[in-house]
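Taking it in order: structure first as C-alpha cells, then the write-up.
The values are calculated or read from the model by the stated rules, or taken from the named source; none is laboratory data. A quick note: this is a predicted structure, and the numbers were derived from the prediction, not measured. Cβ atoms come from the backbone with ideal geometry, glycine included; neighbour counts cover every protein chain shown. Side chains included, ligands, DNA and RNA excluded: accessible areas come from the protein's heavy atoms. Shrake-Rupley method; radii C 1.70, N 1.55, O 1.52, S 1.80 Å.
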Amino acid sequence: MNDLEKKINLAKSLHVSGKISEAQAIYFDLSKNEKNNNQLFFLLGTTFLQQKKYEEAISFFKKSISLDPNFPNVYNNLGIALAETKNFAKAKINYDKAIKLNKNYFDAYHNRGISLYRLKKYEEAIRDFQLVIKFTPTNSKVYNSLGNVYKNLKRYPEALNYYEKAIQINPNFSEAINNKSVVFYIQKNYLESLKCLDRLFQIDPKFKNLIENIIVNKMEIFDWNDLDKYIQIIKRQFKQNEFIFEPLFLHYIFDDPILHKKNAKNYINQEIKYISQKKSKIKKYKNEKIKIGYFSADYRNHPVLHTMRKIFRSHNRSNFEIYAFSFEKETSSNIWKKDVKHYFKDFFSVGDMSDSEIREIAINKKIDLAVDLTGLTNNGRPTLFFNRVAPVQISYLGYTGTSGNSEMDYIIADRIVIPENEQKNYTEEVLYLPHCYISSGENVALKDSNKKLKRSDFFLPENHVVYCAFHNPLKINPKLFHSWINILKKVDNSVLWIKVNNKISRQNLELEAKKRNIDSKRIVFTEREEDINLHLEKLKLADIFLDTYPYNSHSTVYDNIKAELPMIIQKGKIFSSRVGASIYSSFGMGELVAKNRKEYENIAIDIGQNYYKLKKIKEKIKINSDKFKLFDNEKITNELEKIYKSLI
C-alpha cells in the first residue's frame, strides 16, 4: 500500500467515524496533487454536503463528473445538494443520470421521488416511492415520503397510514412523528396531534418548530396548562438565535415590532439561503395602461378575497389592466374564484408552477406592479418576490407585518397601523393611504336574510348584557380571558358568548372560568356559523363585542359594524394589534379603543353597566358608518390607484 492509499484510507476512516472536518482536510490536501482523481473530489464534495455547505459540494461533485461521467453515486449526491438549494428540476436530472447508470440504485429513485414531490408531480413521485418499497420494504424514510405526497393530495387517511408504517419500522423517526401530528392538526384532532408532539419532545426536544406546534395545538383547544412555560422556551430560543419561527405564529404571542422584524428577516434569509443567484432588476415597462398583478393564495372563501372583491371590480379600466396570479389549485367548487375571474384581463392559476415559470409569465405580460396579497401567511411565495416578478413590488393586506424581504419595495398601510416612528421596523418603504388601509369586505354568499334569530335560540339571557367573542382560538390567551372574566364580574348577570369548535375546547374553558371563581354557566357556547348571513344575524343578538389582543380582528370588524355591534379594542404596538383601532378611528368611534388592558376592561364595564350609553353608541355606529362612507370601496380603490400611478 503506497503513501497515497494510506492517506485516503485514513481519511475514509475518519469520514466514516463522523470526523468530517478532519477527513475533509486530508482530502483537500491530497487534491492539490491528485488533480485527476475523481473519487477524491467525490469524497471531498460529500464532506461539504454533510456540512450543509451546498455550493462547495456542488462545485466538487461537478469536478468529479468532469473526470469520470460514469460514476452514479456522484450524480446522486449532486442531486441531493441541488435539492437542498431548492433546485429540484436540476436535482431530478442528476438522479435520472444516476439511475441510468445503475438501474438498481434505490436511493436515487427515492431522492428523485422527493424532487418530483417538491415539483408537485405527485403521481410520478408515488411511482418512484412504490418501486423503492417493493425492493426495500423496511425503508422507513420512503414510507415517510409517501405520507408527504398523500398529505399534499389531502388524502389524509393514506398519509397517516404511511407515517405509521415509517414509525413502526423506526419508532424514533422524529420527522414521521411530526408529520403525523401535522395531519392530525389539519383534521382538527388536536389531542392526537399533541400526543405525537409530546412523544417527539421526549425524543428530540429541539426538533424544528416543535415548541411552536405544541403552543398552537394547545391554544386551538384552550389548553393553557404549561402554556407560559412553552412561551418562555420560545423567548429563550429566539434570544439565543436557536430557531426561526413561522412569522404569523409570533403575531398571536408577542406585541414587539423589533422581534417581528428580526424574525421576518431571518425567515426570509433562510428561505433564500440557497438560491444560487438573485435575478437582476426588471426595467420599468412603457405600457399604455398600468398593468397590476395581484398575487394571492386566497382567491377563495377568505377575508382577503372578500375585501379585495370590490377593489378588483372598481379599478378604472381606462388606466389599468389587472391580472390575477393564484397560488392555489383550480377546484370546480370555488364559487368565489369564479365570481371574480371576469374582473381580470387574465387569471393565472400558478399553484403547481415553479418560481421561474411564474416569473416568466409576469415578464411576458409586462406586469408593472406586483401586489403580494399573501405575504408570510400560509402558501405564500416569498422566494418568488425575492427573484422579482415586476419592476415594482408591493406588500398589501394579506400579511400585517414586514415581509423582511429586501426585494419587496413597498408596504401599503395607514398612519395608525404603522405610525411614522415605527417605519424603522419595516424592511419596505411605507406608503400611506389617507384613510384606513383596509376596506369593508363583500362576500359573494351574502344575501338579505329573512330568518330572524332570537336569543332563546342560543340560550342567551333576554334582559342581561351579552358580551360576544367569536374568534379564532389562536387569538385568545389566558390574560385576555382573565380580562373578560373581570368584565363579567363587574356587570351583573352578564354572559360571555364564545365560539368553540369541539367538546374539549368547551370543557377547558369551563375549567378556566371556575379557576377564576365565576359560574361557568355565564359562559355560553356556540359553534362556528358557516353561513355568513346567519353569522351576521347572530351578531345582532349580542350587545358588545370583545376584541382580541395582541392579534386584533381585521376584516371581520366590518361584520360587527354591519350588525351595529360595538367592539371594544385594545391597541398595541405591532401592525396586527392596531387594525381595529384604524377601522374604528376612521369613522369617529375612537372612544372604544383602549391603550392598555385596564382601560379595555373599564370601557367594556362602563358600557355594560349603562344601557343608555350602550344605546347611544349603537346609534352612533349606524350614523357614522353612513356619514364617513365606511362601505364606499370606490374611495379606497381611487386612493390605491393614486399610489400605483406615483410608482410608475
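Say R0 is 51 Å: what FRET efficiency, to the nearest 0.05, do Lys6 and Lys188 get from their beta-carbon distance? After rounding to 0.05, the efficiency reads 0.25. Here the 3J(HN,Hα) profile of region 385-398, calculated from phi with Karplus coefficients 6.51, -1.76 and 1.60 at θ = phi - 60°, is 7, 5, 7, 6, 10, 7, x, 10, 10, 10, 9, 8, 6, x Hz, Gly and Pro shown as x.
Taking the highest mean first, how do the peptides 122-132, 341-351, 305-315 order by number of other beta carbon atoms within 10 angstrom per residue? Write down the numbers at each step before the final one.
Values: 122-132: 18.4, 341-351: 16.1, 305-315: 21.0.
Put in order of decreasing packing, that is 305-315, 122-132, 341-351.
Summing charges over all other residues whose Cβ lies under 13 Å from the Cβ of Ile636, with Lys and Arg as +1 and Asp and Glu as -1, gives 0. For the pair Gln168 and Glu242, a Förster radius of 30 Å applied to the C-beta separation gives a FRET efficiency near 0.45, rounded to the nearest 0.05. Residue-wise HN-Hα couplings along region 78-91, as the Karplus relation 6.51 cos²θ - 1.76 cosθ + 1.60 with θ = phi - 60° gives them from phi, are 4, x, 4, 4, 5, 5, 5, 8, 6, 9, 6, 5, 5, 4 Hz; Gly and Pro carry x. Helix 3-16 and the longest principal axis of the Cα set of the chain meet at an angle near 30°.
Sum up the charges of everything whose Cβ sits under 9 Å from the Cβ of Tyr323, counting Lys and Arg as +1 and Asp and Glu as -1, but leave Tyr323 out. It would help to have the intermediate numbers written out before the result.
Values: positive: Lys291, Lys345, Lys365; negative: Glu321, Asp346.
In short, +1.
For region 536-627, chymotrypsin sites (Phe, Trp or Tyr not before Pro) are listed when DSSP marks them as loop and at most 12 other Cβ atoms sit within 10 Å of their Cβ; the list is empty. Over region 323-422, all Cα pairs binned in 10 Å intervals from 0 give whole-percent P(r) values of 14, 45, 32, 9, 0, listed from short to long.
Listed by chain and number, the lysines whose C-alpha is less than 22 Å from the C-alpha of Lys521, apart from same-chain residues fewer than 8 away, are Lys454, Lys479, Lys489, Lys490, Lys499, Lys503, Lys538, Lys540. When the Cα positions of Val389, Ile532, Leu116 are compared along the charge dipole of the chain, Val389 comes out farthest toward the positive end, with charges on each C-beta of Lys, Arg, Asp and Glu. In straight-distance terms, cross-link reach from Lys562 covers every one of the aspartates and glutamates whose alpha-carbon lies under 14 Å from its own, apart from those fewer than eight places away in the same chain; here that gives Glu442, Asp448, Glu537, Asp543, Glu619, Asp626, Asp632.
For Leu453 and Lys90, a Förster radius of 60 Å and the Cβ-Cβ distance give a FRET efficiency of 0.55, rounded to the nearest 0.05.
Note on Lys329 and Ile275: their simple-model spin labels are 2.6 nm apart, each label 7 Å out from Cα toward Cβ. Distance between the modelled labels on Lys286 and Ser13, one decimal in nanometres: 7.2 nm (7 Å Cα→Cβ projection). Our estimate of slack between Asn301 and Lys345, defined as 0.36 nm per intervening residue step minus the Cα-Cα distance, is 13.7 nm. Selection among Ala176, Leu431, Thr402 by position relative to the dipole of the chain gives Leu431 as farthest towards the positive end (Cβ unit charges, Cα centre).
Specify the inter-centroid distance of region 346-377 and region 58-133, based on alpha-carbon positions, in whole Å. A separation of 28 Å, based on Cα centres. If a spin label sat at a point 7 angstrom from the Cα of Phe628 along the line to its beta carbon, the backbone N atoms of region 417-442 nearer than 13 Å would be those of 417, 435-440.
Relative to the longest principal axis of the Cα atoms of the chain, the long axis of helix 303-314 makes an angle of roughly 80 degrees. Calculate what fraction, in whole %, of the accessible area of region 395-536 sits on carbon and sulfur atoms when a 1.4 Å probe is rolled over the protein chains. In region 395-536, the share of accessible area belonging to carbon and sulfur is 46 percent. Straight-line cross-link partners of Lys103 among the aspartates and glutamates, defined as a Cα under 18 Å from its Cα and at least 8 positions apart when in the same chain: Glu124, Asp128. Charges were assigned to the Cβ only: +1 to each Lys and Arg, -1 to each Asp and Glu. The resulting dipole of region 533-648 about its Cα centre is roughly 240 debye. Here region 1-94 exposes an accessible surface that is 51 percent carbon and sulfur, computed with a 1.4 Å probe and the other protein chains kept in place. In units of the compact-protein estimate 2.2 N^0.38 Å, the chain shows a Cα radius of gyration of 1.09.
Please work out how many pairs of lysine residues in region 143-241 are eight or more positions apart (or on different chains) and have Cα atoms closer than 12 angstrom.
On the way: Lys151/Lys180; Lys165/Lys180; Lys180/Lys195; Lys188/Lys218; Lys195/Lys218.
Within region 143-241, the lysine pair count is 5.
In the structure shown, the pairs Lys337/Lys635; Lys262/Lys598; Lys92/Lys345; Lys329/Lys627 are assessed against 32 Å; a Cα-Cα span above that value is assigned to Lys92/Lys345; Lys329/Lys627. Here the label points at Asn502 and Leu67, each 7 Å from Cα along the C-beta direction, are separated by 5.7 nm in the simple model. Between the helical axis of 174-186 and the longest alpha-carbon principal axis of the chain there is an angle of about 30 degrees.
Under the rule a/c < 1.5 gives rounded, and otherwise a/b versus b/c splits prolate from oblate, where does region 504-648 land using the Cα gyration tensor? In terms of gyration-tensor shape, prolate. Projecting the Cα atoms of Tyr644, Ile561, Gln50 onto the charge dipole of the chain (Cβ charges, centred on the Cα centre) puts Tyr644 farthest toward the positive pole.
Under a 1.4 Å probe, what is the accessible area of the chain per residue, stated in Å²?
Numbers: 29820 Å² over 648 residues.
Per-residue value: 46 Å².
Are there GluC sites (Glu not before Pro) in region 521-601 that DSSP puts in a loop and that have at most 13 other Cβ atoms within 10 Å, and which ones? Listed in order of number, the matching sites are Glu527, Glu530. Nonpolar atom fraction for region 539-648, defined as the carbon and sulfur part of the 1.4 Å probe accessible area, stands at 49 percent. Sort region 40-120 into rounded, prolate or oblate with this rule: let a ≥ b ≥ c be the square roots of the eigenvalues of the Cα gyration tensor; rounded if a/c is under 1.5, and if a/c is not under 1.5, prolate when a/b is larger than b/c, oblate otherwise. Here region 40-120 falls in the oblate category.
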